[in-house]
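To start, the structure itself, in structure tokens.
The values are calculated or read from the model by the stated rules, or taken from the named source; none is laboratory data. Treat the numbers as computed from the prediction; the structure is a model and nothing was measured. Glycine also receives a Cβ, built like all others from the backbone with ideal geometry; neighbour counts cover every protein chain displayed.
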Amino acid sequence: MSKPKIAVLYVDDERHNLYAFRASFRNDYQVYIAESAEEGRAIMTEHEIPVVVADQRMPKETGIEFLESIKKSHPYTMRILLTGYTDIQAVISAVNLGNIFRYLQKPWHEEEIKEAINSAYEVYDTRVQLIEKNIELEKAYRELDKFVYSASHDMRSPLMSILGIVRLSRMEQDLSNTEKYFDMIEESVQRMDEFIKNIIGYYKNNRIEAKDTTIPVDVLMEDVLRDIDPKLKDADVALKTNYQLHVPLVADRVKLHIILTNLLGNAYRYQKQDAGKCINIRATVTDQFAVFEIEDNGIGIADDELEGIFKMFHRATNNNPGSGVGLYITKDAVNRMGGTIEVSSKLGIGSIFTVRFPNKPIPVE
Ligand code: ADP
């Protein structure tokens, strides 16, 4: 795939200059033209413009004034000035104030302009990448913070329970109670294991490189079901599936596995105690997209909790056995697949989680 062209805005009050500029550079760049500073600013609010070239001599606002005016609203856009006359003092101060990246003399030379635009874009691109990396880094820091907090709580509390139970059983005279203590210890160990599994899922999601393969949906679902904690898989739950597979599914198997294990695990975990427990799994795969729906008739989620459930370590109900990491990881994985996740839920009635992502037509095996 060829790289998208760099968007360049050229502002000049003389129409023939604008047309000449567009004719000279349209093959190399995505050229926008504006007859005035005002028109230039309007274009910049609508399009992402990495490089702006302005003529100095314009009737209402000079090129320097225009470039200065966009500095605040578009701090990363690179500004180049074209000047036909020797207003050298104004140009020097504009360069020194950091209002322009380069100034070029008229009449322009195509190669000179291209060199200036390309160098300007390199600086722009580096800055944008730096900002993106910074955002990622800040996110990683925030997650680390929450992780340390949660690890100290979620990993210590089952350990503390085990310790308490061990101490209690030491003092126990009646040996018939031992079974009960073992059950309690097992439950704590399982809670801790669930937490650790979630962290491993998070790690896989973040660190393992994405790889698209053809995925047989029924085999995938069998794998997913096998991976769900056997203690959760209540035999009373009726599991129904409905797959509409018009073309093969091509996606990142590791991520999809993480997503479905979490959603299906929750569908089992948050069942009501009544009879008639039911989970429906629906999958539709077309040449454009794939949709997975996991529906349960469990405890449901209150309206005011819905927004929070995708946040890290968020639990919608107190006293619940989970770690509050699953849906956060799920959403992250869906985002990384270029997809969306939606939930519709009614307290006491049940929930439907819908995941939609692009199906890749050509498998990369
Ligand atoms: P947890 O490990 O606590 O299950 P998740 O991130 O998977 O963490 O889910 C966050 C919260 O959302 C859960 O604690 C639970 O309160 C709620 N939740 C998730 N899925 C369901 C569901 N299918 N039915 C009811 N509540 C759910």
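Please go through region 273-285 and give me each residue that is at pLDDT 95 or above and either over 26 Å from the mean Cα position of the chain (by Cα) or not hydrophobic (A, V, I, L, M, F, W, C) (or both), ordered by number. Explain how you work it out, then say what you get.
Within region 273-285, the first condition is being at pLDDT 95 or above, and the residues that meet it are 278-285.
Within region 273-285, Cys278, Ile279, Asn280, Arg282, Thr284 qualify.
Return the residue satisfying two criteria in turn: it lies in region 146-193 and is among the basic types (Lys, Arg) and under 28 Å from His314 (Cβ atoms), and of such residues it is modelled with the lowest pLDDT. Explain how you work it out, then say what you get.
First pass over region 146-193, keeping only residues among the basic types (Lys, Arg): 146, 156, 167, 170, 180, 191.
Next, only the ones that are under 28 Å from His314 (Cβ atoms) stay: 146, 156, 191.
Details: Lys146: 77, Arg156: 81, Arg191: 81.
Top of the filtered list is Lys146.
Being more than 29 Å from Ile349 (Cβ to Cβ) and either within 16 Å of the ligand (Cβ to nearest atom) or surrounded by 14 or more Cβ atoms within 10 Å (Cβ to Cβ) (or both) narrows it down to one residue among Met221, Met192; which is it?
Details: Met221 fails: more than 29 Å from Ile349 (Cβ to Cβ).
Step by step, each of Met221, Met192 is checked, and only Met192 is more than 29 Å from Ile349 (Cβ to Cβ) and either within 16 Å of the ligand (Cβ to nearest atom) or surrounded by 14 or more Cβ atoms within 10 Å (Cβ to Cβ) (or both).
Would it be correct to say that Arg356 is more than 7 Å from the ligand (Cβ to nearest atom), of a type in the set (D, E, K, R), in contact with a Lys or Arg (Cβ under 7 Å, 6 or more places away or on another chain) and at pLDDT 85 or above?
Details: more than 7 Å from the ligand (Cβ to nearest atom): yes; of a type in the set (D, E, K, R): yes; in contact with a Lys or Arg (Cβ under 7 Å, 6 or more places away or on another chain): no; at pLDDT 85 or above: yes.
No, not satisfied.
When you check Asp296 against the structure, is it on the phi < 0 side of the Ramachandran plot, modelled with pLDDT of 95 or more, among the acidic types (Asp, Glu) and touching a helix residue (DSSP H, G or I) at 6+ places or on another chain (Cβ under 9 Å), yes or no? Give the derivation first.
Values: on the phi < 0 side of the Ramachandran plot: yes; modelled with pLDDT of 95 or more: yes; among the acidic types (Asp, Glu): yes; touching a helix residue (DSSP H, G or I) at 6+ places or on another chain (Cβ under 9 Å): yes.
Taking the combined requirement at face value, the residue satisfies it.
If you go through region 124-170 one residue at a time, how many are more than 19 Å from Asp193 (Cα to Cα), without any contact (Cβ under 8 Å) to a residue 60 or more places away in the chain and of a type in the set (Ser, Thr, Tyr)?
Number of matching residues: 3.
In region 265-283, is there at least one residue being within 12 Å of the ligand (Cβ to nearest atom), among the basic types (Lys, Arg) and part of a helix (DSSP H, G or I)?
yes
Could you identify the single residue in Ile258, Ile309 that is within 12 Å of the ligand (Cβ to nearest atom), closer than 16 Å to Asp218 by Cα, at pLDDT below 95 and hydrophobic (A, V, I, L, M, F, W, C)? Don't jump to the end; show me each part of the working.
Numbers: Ile309 fails: closer than 16 Å to Asp218 by Cα.
Matching residue, one of Ile258, Ile309: Ile258.
What residue, among those in region 1-43 that are within 34 Å of the chain's Cα centre (by Cα) and basic (Lys, Arg), is nearest to Ile64 (Cα to Cα)?
Going through the qualifying residues, I end up with Arg41.
Residues of region 293-305 being surrounded by 20 or more Cβ atoms within 10 Å (Cβ to Cβ) and under 23 Å from the mean Cα position of the chain (by Cα), which ones?
If the condition is that a residue be surrounded by 20 or more Cβ atoms within 10 Å (Cβ to Cβ) and under 23 Å from the mean Cα position of the chain (by Cα), then Ile294 is the only one that fits.
Can you tell which of Ala290, Ala333, Ala267 is in contact with a Pro (Cβ under 9 Å, 6 or more places away or on another chain) and crowded, with 22+ Cβ neighbours inside 10 Å?
Details: Ala333 fails: in contact with a Pro (Cβ under 9 Å, 6 or more places away or on another chain); Ala267 fails: in contact with a Pro (Cβ under 9 Å, 6 or more places away or on another chain).
On inspection, the qualifying residue turns out to be Ala290.
Residue-by-condition table, conditions (1) β-branched (Val, Ile, Thr); (2) under 30 Å from Val31 (Cα atoms); (3) surrounded by 13 or more Cβ atoms within 10 Å (Cβ to Cβ):
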{"residue": "Ile92", "(1), (2), (3)": "yes, yes, no"}
{"residue": "Glu112", "(1), (2), (3)": "no, yes, no"}
{"residue": "Ser119", "(1), (2), (3)": "no, yes, yes"}
{"residue": "Tyr124", "(1), (2), (3)": "no, yes, yes"}
{"residue": "Lys133", "(1), (2), (3)": "no, yes, no"}
{"residue": "Glu138", "(1), (2), (3)": "no, no, no"}
{"residue": "Lys146", "(1), (2), (3)": "no, no, yes"}
{"residue": "Asp154", "(1), (2), (3)": "no, no, yes"}
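Checking Gly350 against (1) near the ligand (Cβ under 9 Å from one of its atoms); (2) modelled with pLDDT under 95, only one condition comes out false. Which one?
(2)
Take Ser24 and tell me if it is in contact (Cβ under 8 Å) with a residue 60 or more places away in the chain and over 30 Å from Glu132 (Cβ atoms).
Numbers: in contact (Cβ under 8 Å) with a residue 60 or more places away in the chain: yes; over 30 Å from Glu132 (Cβ atoms): yes.
For Ser24, the condition - in contact (Cβ under 8 Å) with a residue 60 or more places away in the chain and over 30 Å from Glu132 (Cβ atoms) - is met.
Being among the hydroxyl-bearing types (Ser, Thr, Tyr) and farther than 22 Å from Asp125 by Cα is the filter; apply it to region 35-81 and report the residue that is surrounded by the fewest Cβ atoms within 10 Å (Cβ to Cβ).
Step one: of region 35-81, the residues among the hydroxyl-bearing types (Ser, Thr, Tyr) are 36, 45, 62, 69, 73, 76-77.
After this cut, where a residue has to be farther than 22 Å from Asp125 by Cα as well, the list is 36, 62.
Numbers: Ser36: 16, Thr62: 20.
Looking at the filtered set, the residue picked out is Ser36.
Listed residues Ile329, Ile341, Ile301; which is modelled with pLDDT of 90 or more and either within 9 Å of the ligand (Cβ to nearest atom) or farther than 27 Å from Leu249 by Cβ (or both)? Lay out the reasoning, then the answer.
Details: Ile329 fails: modelled with pLDDT of 90 or more; Ile341 fails: either within 9 Å of the ligand (Cβ to nearest atom) or farther than 27 Å from Leu249 by Cβ (or both).
That would be Ile301, the only listed residue that is modelled with pLDDT of 90 or more and either within 9 Å of the ligand (Cβ to nearest atom) or farther than 27 Å from Leu249 by Cβ (or both).
Is it true that Ile279 is touching a residue at least 24 places away in the same chain (Cβ under 8 Å), touching a strand residue (DSSP E or B) at 6+ places or on another chain (Cβ under 9 Å) and either under 28 Å from Pro358 (Cα atoms) or surrounded by 14 or more Cβ atoms within 10 Å (Cβ to Cβ) (or both)? Can you show your working first?
Numbers: touching a residue at least 24 places away in the same chain (Cβ under 8 Å): yes; touching a strand residue (DSSP E or B) at 6+ places or on another chain (Cβ under 9 Å): yes; either under 28 Å from Pro358 (Cα atoms) or surrounded by 14 or more Cβ atoms within 10 Å (Cβ to Cβ) (or both): yes.
Taking the combined requirement at face value, the residue satisfies it.
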